[in-house]
Every structure is written in structure tokens, then in C-alpha cells.
Amino acid sequence: MEQSKAGHSETGSAVPTVLSVLVDRLKEEHIELKKSISELAARAKAVKSEQDLSTTRHELFQLRLHAMFFREKLEQHSAWEEEILFPFLSSYFDQSIKPSLLGSMWTLEKDHELGDDYLQSFLRTADEIKTVSDRKRMHDAADELIQACCILGKHLESEEQIVFPLTESVLVDMELLFCT
């Protein structure tokens, strides 16, 4: 990554700000989360195509462990957004944009909750399957994880489509203010 003259990389801002640091963190975490989502979805699809029931059950158990780890990372990321990033962004915008911003954030939160519901459903189903040799339930569990990945991937993309343009306009304004 190329660094600007002030040493701040991702945003290109010559004035390192709290906001630019937050945006860089958001970008980095989204890259990691998207990579995990892609890997989970690919592994879930492989589980569905596996013919050997014993291998399927073993892979589903391994997938469950990875999904639990991913969910923990996702929850840490979401807590950071809700406690630090979103309140910080809200403080930058006047009342004319806040209702629109708050509605968008509410929608994002609902998408996150739906994705998490599917993820938890997968975890419950996969946990029950440890003792059951039911191919249909194994496929259903994999489908739940695939659905969770789809929703959460779209959630991250939507979040970026809302947050990045807002932060970019603030950073450009700050650049003009401090560097002219």
C-alpha cells in the first residue's frame, strides 16, 4: 500500500484523522470478513457435494468450528462499529442527513441480524448432527451456512456503499480545510 506524505495509507488523506484511521480499520476488517465468508461458503458447498456420509459429518463438524470462530470475529467487528464507528460518523453529520443515515444503519443492523440468525441455525443444526447420520439434515445445515454467507456478504457490501461515500466526503472536506 502506498503511503501519503503524512504516512496515512488507505484514505489518501495527508491529514491523519481519527476518521481516516477508523475507515482504514473498517476496510481491513471487511477484507478479512469477506475472505472468511467466501471460504465458509465454498466449504459448505463442498459438504453438499460430498458423497461419503462419514466424511460429510466430519467436514460439517470442522465447518462448525470455523463458523463459530467467524461469528466471534463478526460480533467483535459489529460491536466496534456500534460502539465507536457509527456514533463517530453520526456526530459528523447535521440533522438533515441524520434521519437518512439512521434509517440506513437500521437496515444494515436488520441484515446483520438475519445473517446471524442463519449462522446460528447452522451452528445448532450442525451440533445436532454430531450423532445423526441424516444426509438431508447435513445438506440443510450447509444450505443455512451458505444463506448466512450470502446475506452477510451483501451486508458488508451495503455497509461499504453507505459508509465509504460519507467518510470520503468528510475526509475531502478536511483535506481542503487543513491543506489550503
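Sorted largest first by accessible area at a 1.4 angstrom probe radius, with every protein chain in place, the residues Trp80, Trp106 fall in the order Trp106, Trp80. Given their separation in residues at 0.36 nm each and the Cα-Cα distance between them, Asp127 and Glu72 gain 18.1 nm when the chain is fully extended. Spacing of the modelled spin labels on Arg137 and Lys154, each 7 Å from Cα toward Cβ, amounts to 2.9 nm. Each peptide in 140-152, 43-55, 115-127 gets a packing score, the mean of other Cβ atoms within 10 Å over its residues, and the list from highest to lowest is 140-152, 115-127, 43-55.
The values are calculated or read from the model by the stated rules, or taken from the named source; none is laboratory data. Every value quoted in this text rests on a predicted model; they were computed, and no experiment measured them. In this analysis, Cβ positions are derived from the backbone assuming ideal geometry, glycine residues included, and neighbour counts consider all displayed protein chains. Heavy atoms of the whole protein, side chains included, go into the accessibility calculation; ligands, DNA and RNA do not. Shrake-Rupley method; radii C 1.70, N 1.55, O 1.52, S 1.80 Å.
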